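**Q** Here it is, the structure in full.
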Amino acid sequence: MGRRGKLLVGEPYFAPGTALVLDRKRLAGAHPGDLAVVRPARGRAPVERVVGPASSLATVLEALLEQEGLRAPFEPYEPPEPTLVGRTDLRDLVTFTVDPDTAKDFDDAISARAEDGGIRIWVHIADVSAFVPSGSPLDIGASHRGTSVYVPGRVAPMLPPQLADDRCSLRPHVDRLCLTAEVPFDAKLDAGEPLFYRSVIRSDERLTYGRAQAILAGADRPDARAVGEAVELADRVARELRRRRFARGALRIASPELTFAFDDEGQVERAWLEAEPQAHALVEELMILANEAVGALLADRRRDALFRVHENPEPQAIMLLIAKLADLGVPTPPAPDEDRMTPADAAVLAGAISVRVGEYVAQAERGREAFPSLVLRALKQARYDPRNLGHMGLASRAYCHFTSPIRRYPDVVCHRALLRELGASDEPVAPDDLDEVAERTSTTERAAGRVEYLADEICLAWLLERELFDRGYDEPFEGEITGVIGSGLFVRFGEVYEGYVPVRTLQGDYFELTELGTALVGRRSNRTYRLGDSIRVTVSSVDRTNGQVELRS
């Protein structure tokens, strides 16, 4: 909100647009410099809601969620009273959750117990379907939202807070309704036949990744000794599951997670890339175990459900990937002739390439960002589909999303499908045709990813301005070229920041993109800017509104 002469106007914040003249009698307490929700109207526009001062990063992130339509009110809803009828009572079983420090909703919990020379694992997932009847207004709304959207410090949930943060959240020391997958492992850690059933649990401890990591390292002991023993047993199984998954050809691409720290005023004060801790791998592998078990059951019995599919890549795409890596000096495994390569062959080769690229990056210490990204861009995008088409990235013949029903609608669909198969429910699995739900949830997932990426970039832009003020605007950063297009270079610099060097700012020559698109090369000097190369840059400008940074080299 601002002034133009004697007029008060609302100017679009995140994108260009026409300013709206505001109705002074309906400002809802807004002042110049505030971000507010304003909708066009005949005559002068009223302010619907004040978000807060534009000088606050927290306000900007909240406004972004509002701009993207992610703050629409939930449908009227009165949650049913839970019942324990027909549920297996697991409240005496040692159970724990492991989540990030900032997590508020806990979808999943784990139990582990040694028995008969082996280990028995229980994966407990919040029974959202017990609170969200199929076809109800809340269910229809959730199917259209598709997913929760997480930006630093806040969330636009798929389900109302009384469910997401309370009734369905597996908080410690309270009874919670779950769907449980129980899997026995023998002494060789070979899995037996899984069991599925509705249950009631009571989590003993809410662990963060850091705390669980400390337990595994022997540096911490939880209040209940049995919890520490259960964590260690679960880790033994998870390590073996991961070893076998990679052995069967799953992709091996490490993706460090961008993490922020905020000060007492809500302004970002630090950002860092956090490598996957062992405790995160523990949870990930056991969730994959449950997802595969449910996916295999539904696929083998040809039940209506949504599968998480990642189709095999095109042989041409993998051969082009090999050519690009070779052009960049990155070794790759031997490949068959393209004419004889099937998509299944291409999938196996892609897995082998991911291993070789990871080894090269670790050894050569170049291309840490650029080379794994090249591999990912050569692959098809994972999505939802009513058909079981397999999951190439996990080397899984049948896979579904089952373990996060608080934040993903396809998981709710799979819960209902499993309950129908168990004879525990006769509700339809979804309010719409499954093809339509699959397409819609795939679309909302991609849209959520774009919003989350933009929010991260906005936070980084605010942090970069703060850092530039402290260190000086002309001080250079060391970076890595992560993308190359005809008009310029994308650079990761200062560990966490991303920026763009326009080709017009590269001095001394006319630079052209190579045929394989891996470098910009000077026409006269042959000076080269390649993917994965180190580069020193300084910041030309920072656009905090859109999280964009322009650089010069």
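**Q** May I ask you to list pairs of residues, at least six apart or on different chains, whose Cβ atoms are under 7 Å apart, with the first in segment 252-264 being modelled with pLDDT of 90 or more and the second being in a loop (DSSP other than H, G, I, E, B) and not β-branched (V, I, T)?
**A** Hits for this filter: F260/P152; F262/G153.
**Q** Specify which of the listed residues (S404, S396) is under 26 Å from the mean Cα position of the chain (by Cα), more than 30 Å from L138 (Cα to Cα), outside the structural domain of R176 (by TED's automatic domain parsing) and surrounded by 14 or more Cβ atoms within 10 Å (Cβ to Cβ).
**A** Just one listed residue meets the conditions, S396.
**Q** Only one of (1) in contact with a Pro (Cβ under 6 Å, 6 or more places away or on another chain); (2) touching a residue at least 40 places away in the same chain (Cβ under 8 Å) fails for A275. Which number is that?
**A** (2)
**Q** Moving on to the next point. If L207 passes every condition in (1) modelled with pLDDT of 95 or more; (2) assigned to a strand (DSSP E or B); (3) within 22 Å of V231 (Cα to Cα) but one, which one does it miss?
**A** Failing condition for L207: (1).
**Q** For segment 471-527, name all the residues that are assigned to a loop (DSSP other than H, G, I, E, B) and of a type in the set (D, E).
**A** Initially, segment 471-527 is screened for residues assigned to a loop (DSSP other than H, G, I, E, B), giving 472-476, 486-487, 494-496, 506-510, 514-518, 523-527.
Of everything in segment 471-527, those that are assigned to a loop (DSSP other than H, G, I, E, B) and of a type in the set (D, E) turn out to be D474, E475, E495, D509, E515.
**Q** Identify the single condition in (1) part of a loop (DSSP other than H, G, I, E, B); (2) touching a Cys at 6+ places or on another chain (Cβ under 8 Å) that E78 does not satisfy, given that it satisfies every other one.
**A** Only one criterion in (1) part of a loop (DSSP other than H, G, I, E, B); (2) touching a Cys at 6+ places or on another chain (Cβ under 8 Å) is unmet by E78, namely (2).
**Q** Against the condition within 31 Å of the chain's Cα centre (by Cα), loosely packed, with under 11 Cβ neighbours inside 10 Å and hydrophobic (A, V, I, L, M, F, W, C), how does A15 come out, does it pass?
**A** It is true that A15 is within 31 Å of the chain's Cα centre (by Cα), loosely packed, with under 11 Cβ neighbours inside 10 Å and hydrophobic (A, V, I, L, M, F, W, C).
**Q** Among D92, D101, D105, which is the only one that is without any contact (Cβ under 8 Å) to a residue 60 or more places away in the chain, of a type in the set (D, E, K, R), assigned by TED's automatic domain parsing to the domain that holds V132 and not in a strand (DSSP E or B)?
**A** Values: D101 fails: without any contact (Cβ under 8 Å) to a residue 60 or more places away in the chain; D105 fails: without any contact (Cβ under 8 Å) to a residue 60 or more places away in the chain.
So the residue among D92, D101, D105 that is without any contact (Cβ under 8 Å) to a residue 60 or more places away in the chain, of a type in the set (D, E, K, R), assigned by TED's automatic domain parsing to the domain that holds V132 and not in a strand (DSSP E or B) is D92.
**Q** If you don't mind, another one. Out of the residues in segment 122-165 that are part of a strand (DSSP E or B), in contact with a helix residue (DSSP H, G or I) (Cβ under 6 Å, 6 or more places away or on another chain) and aliphatic (A, V, I, L, M), which is nearest to L286 (Cα to Cα)?
**A** The residue in question is V123.
**Q** Out of the residues in segment 362-393 that are among the acidic types (D, E) and over 18 Å from L251 (Cα atoms), which is surrounded by the most Cβ atoms within 10 Å (Cβ to Cβ)?
**A** Only one residue tops the list, namely D385.
**Q** Considering only segment 268-297, state which residues are over 19 Å from D108 (Cβ atoms) and surrounded by 20 or more Cβ atoms within 10 Å (Cβ to Cβ).
**A** V268, A271 - these are the residues of segment 268-297 that are over 19 Å from D108 (Cβ atoms) and surrounded by 20 or more Cβ atoms within 10 Å (Cβ to Cβ).
The values are calculated or read from the model by the stated rules, or taken from the named source; none is laboratory data. Source: prediction; values computed, not measured. All Cβ positions, glycine included, derive from the backbone under ideal geometry; neighbour counts span all protein chains shown.
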